[in-house]
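J.: Pasting in a structure now, in structure tokens, and then I'll have a few things to ask.
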Amino acid sequence: MQYYSTNGQSPKVGLQEAVVHGLASDRGLFMPEIIPTIPKAFFKNISEMTLQEIAYVVANTLFGQDVESETLKNIVYDTLNFDIPLVHVDENRYSLELFHGPTLAFKDVGARFMARLLGYFNQKDGKDVVNVLVATSGDTGSAVANGFLNVPGVKVYVLYPKGKVSKIQEAQFTTLGANITALEVNGTFDDCQALVKSAFMDKELNEKMQLTSANSINVARFLPQMFYYFYAYAQLAKMGKPLDKIVVSVPSGNFGNITAGLIGKRMGLPISRFIAANNKNDIVYQYLNTGVYSPRPSIATIANAMDVGDPSNFARILDLYQNSHSKISSEISGFTYTDEQIAETLADTYKKTGYLLDPHGAVGYRSLLEGLKPDEIGVFLETAHPAKFKETVELIINAKVSIPAKLAAFMKGTKSTIKMTTSFNAFKKFLMNE
Ligand SMILES: *Cc1c(COP(=O)(O)O)cnc(C)c1O
């Protein structure tokens, strides 16, 4: 399979090159040249299949030409060695719990898949070490660091703003050692991102070392996120629910997660429509309602993994629907909520149903409360475990949130970081000497 750039100014490349480079040379995002369809027969007995079996069929449809089947199967089975259960919340609304992986957020799926695929390409060619640079405000760093831990031929550098991530998040990427290096930057998240961007543009640095991104711009991180949309469908089928009016609500920031679902639908997954659920960073909500896309600086909210002012994957959505606002808005509708509304939804749902949402899932769930018709079945993606936002959630529900053992284990490790200023020259010098 070939991948083209959404900017249309650079040549098509194969999967390996798309994954190793992350971004196309014209700074566009890679898209698969063909979106293959999955035969209808697959959906007939999907309710009998496991998550791993389903994911392998989907992966093979997308990547089967580029990765030999036994290897691909191992990558998929190893990536998804945890469950993604669909849990009934109330009436016709279900939570797809994406927080049962090692760092308790959905990013585990894409990060683990990408790490294994990159490791495979690297071993196959015996090429130089690939260096993954990732700037994080919390969740991405932990998923990427844990996903890539001990993958041969890959080194990971996590840049994070000193004092601006939670203790739990920090422990998840500063205590691992091995091929993971945490860089504690005396600045903001934007400073971290600027350092990473400058590194990708620096000619001398790129000649010296192979650099790539593990952000959702990378096809190996974002495409595998479609696996669990198929699994949600399978679980509804198993429950004997009607399958012709499924609506999926996706708490969105950079729009990688929802874009994976949209491509899944294009491959034949019978989802009738999507909801893009936003916090106050409602750039796409505004686009859906007006046809005008105007990015602006992000606003801090309690659903902070969705604080994005210019969602990078929006370019892929435009590409998928040939820039047609009417096509896009016929399949996706938008909702946007304030912090007060998010907190109110979290507290009310806990009181009424006993189900504890995290602030991101609360945005997705509330969109179903307001946007779902009585004859539809609604699924929202519960993108992280509420304990990852312990302080915020405890204040809202006025009760203690217990930390799962998996998360607590990270707190026992010893923190090790390298201190950095926001100076690119210092960062470059550090990398050149690695
Ligand atoms: C990253 C993240 C999101 C946003 O996902 P996108 O793919 O960037 O739209 C939502 N919720 C949580 C908990 C996240 O970590």
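The values are calculated or read from the model by the stated rules, or taken from the named source; none is laboratory data. Nothing here was measured: the structure is a model prediction, and the numbers come from that model. Note that each Cβ is placed from the backbone with ideal geometry, even for glycine, and that neighbours are counted across all protein chains shown. Accessible surface is based on the protein model in full, side chains and every heavy atom, while ligands, DNA and RNA are left aside. Shrake-Rupley method; radii C 1.70, N 1.55, O 1.52, S 1.80 Å.
J.: Within the set of pairs 6+ apart or on separate chains, which have a first residue in the range 251-267 that is farther than 24 Å from T338 by Cα and modelled with pLDDT of 95 or more, a second that is near the ligand (Cβ under 8 Å from one of its atoms) and of a type outside the set (A, V, I, L, M, F, W, C), and C-beta atoms under 8 Å apart?
T.: Short answer, once both residue conditions are applied: A260/Q225; G261/Q225.
J.: Still on this model: R93 is checked against (1) within 19 Å of the chain's Cα centre (by Cα); (2) crowded, with 16+ Cβ neighbours inside 10 Å and fails just one. What number does that condition carry?
T.: (1)
J.: Do any residues in the range 135-152 that are under 21 Å from F389 (Cα atoms) and open to solvent by less than 10 Å² (accessible area, probe 1.4 Å) have Cβ atoms under 7 Å from those of residues that are within 13 Å of the ligand (Cβ to nearest atom) and in a loop (DSSP other than H, G, I, E, B), where the two are at least six apart or on different chains, and which pairs are they?
T.: If the second residue must be within 13 Å of the ligand (Cβ to nearest atom) and in a loop (DSSP other than H, G, I, E, B), the pairs left are G138/V165; G138/S166; S142/T103; A143/T103; V144/A214.
J.: Quick one: count up the residues across the range 118-171 that are part of a loop (DSSP other than H, G, I, E, B) and either more than 16 Å from the ligand (Cβ to nearest atom) or under 14 Å from K107 (Cβ atoms) (or both). Please lay out each step first, then the result.
T.: Within the range 118-171, the first condition is being part of a loop (DSSP other than H, G, I, E, B), and the residues that meet it are 126-129, 136-138, 149-153, 162-166.
Right, trim to either more than 16 Å from the ligand (Cβ to nearest atom) or under 14 Å from K107 (Cβ atoms) (or both) and you get 126-129, 136-138, 149-153, 162-163.
Residues meeting the conditions: 14.
J.: Among the helices (runs of 4 or more DSSP H) contained in the range 294-411, which hold 2 or more residues that are open to solvent by 60 Å² or more (accessible area, probe 1.4 Å)? Talk me through it step by step, then tell me what you get.
T.: Working: elements: 314-320, 325-331, 339-353, 359-371, 390-397, 405-411.
In the range 294-411, the matching helices (runs of 4 or more DSSP H) lie at 325-331, 339-353, 359-371, 390-397, 405-411.
J.: Then there is this: Looking only at the range 161-181, decide whether some residue is among the acidic types (D, E), open to solvent by 10 Å² or more (accessible area, probe 1.4 Å) and modelled with pLDDT of 95 or more. It would help to see each step written out before you state the result.
T.: Taking the range 161-181 and keeping what is among the acidic types (D, E), we get 170.
Filter again for open to solvent by 10 Å² or more (accessible area, probe 1.4 Å), leaving 170.
Narrowing the set further to residues that are modelled with pLDDT of 95 or more leaves none.
Checked against the condition, which is being among the acidic types (D, E), open to solvent by 10 Å² or more (accessible area, probe 1.4 Å) and modelled with pLDDT of 95 or more, the range 161-181 yields no hits at all.
J.: So in the range 258-283, with the set limited to residues that are outside any loop (DSSP other than H, G, I, E, B) and under 17 Å from E370 (Cβ atoms), which one is most open to solvent (accessible area, probe 1.4 Å)? Before you say what the answer is, go through the steps one by one.
T.: Quick first cut of the range 258-283, residues outside any loop (DSSP other than H, G, I, E, B) only: 258-266, 273-278, 283.
With under 17 Å from E370 (Cβ atoms) added as a condition, the list becomes 273-278.
Details: R273: 41, F274: 1, I275: 0, A276: 2, A277: 0, N278: 2 Å².
Filtering the range 258-283 for residues that are outside any loop (DSSP other than H, G, I, E, B) and under 17 Å from E370 (Cβ atoms), the one most open to solvent (accessible area, probe 1.4 Å) comes out as R273.
J.: Turning to a different aspect of this structure: Looking only at the range 93-107, decide whether some residue is of a type in the set (D, E, K, R), under 23 Å from I258 (Cβ atoms) and either part of a strand (DSSP E or B) or without any contact (Cβ under 8 Å) to a residue 24 or more places away in the chain (or both).
T.: Taking the range 93-107 and keeping what is of a type in the set (D, E, K, R), we get 93, 97, 107.
If we keep only those that are under 23 Å from I258 (Cβ atoms) too, we end up with 93, 97, 107.
Next cut, either part of a strand (DSSP E or B) or without any contact (Cβ under 8 Å) to a residue 24 or more places away in the chain (or both) only: 93, 97.
Scanning the range 93-107, I find at least one residue that is of a type in the set (D, E, K, R), under 23 Å from I258 (Cβ atoms) and either part of a strand (DSSP E or B) or without any contact (Cβ under 8 Å) to a residue 24 or more places away in the chain (or both), so the answer is yes.
J.: Let me ask another. For the range 17-68, which residues satisfy the criterion of being assigned to a loop (DSSP other than H, G, I, E, B), farther than 18 Å from M226 by Cβ and either among the β-branched types (V, I, T) or open to solvent by less than 20 Å² (accessible area, probe 1.4 Å) (or both)? Even if it seems obvious, please write down each step before you answer.
T.: First pass over the range 17-68, keeping only residues assigned to a loop (DSSP other than H, G, I, E, B): 22-29, 33-40, 45, 49-50, 64-68.
From what is left, the residues that are farther than 18 Å from M226 by Cβ are 22-28, 45, 68.
Across the range 17-68, the qualifying residues are G22, A24, G28.
J.: Before we move on, is G309 within 21 Å of L368 (Cβ to Cβ), within 16 Å of the ligand (Cβ to nearest atom) and touching a residue at least 24 places away in the same chain (Cβ under 8 Å)? Talk me through it step by step, then tell me what you get.
T.: Working: within 21 Å of L368 (Cβ to Cβ): no; within 16 Å of the ligand (Cβ to nearest atom): yes; touching a residue at least 24 places away in the same chain (Cβ under 8 Å): yes.
So G309 fails the test.
J.: Now, a different point. Taking the options T392, T353, name whichever one is farther than 30 Å from Q172 by Cα and over 20 Å from the mean Cα position of the chain (by Cα).
T.: Details: T392 fails: farther than 30 Å from Q172 by Cα.
Matching residue, one of T392, T353: T353.
J.: Which of the residues spanning the range 201-257 are part of a helix (DSSP H, G or I), within 14 Å of the ligand (Cβ to nearest atom) and not hydrophobic (A, V, I, L, M, F, W, C)?
T.: Answer for the range 201-257, where residues must be part of a helix (DSSP H, G or I), within 14 Å of the ligand (Cβ to nearest atom) and not hydrophobic (A, V, I, L, M, F, W, C): R221, P224, Q225, Y228, Y229, G256, N257.
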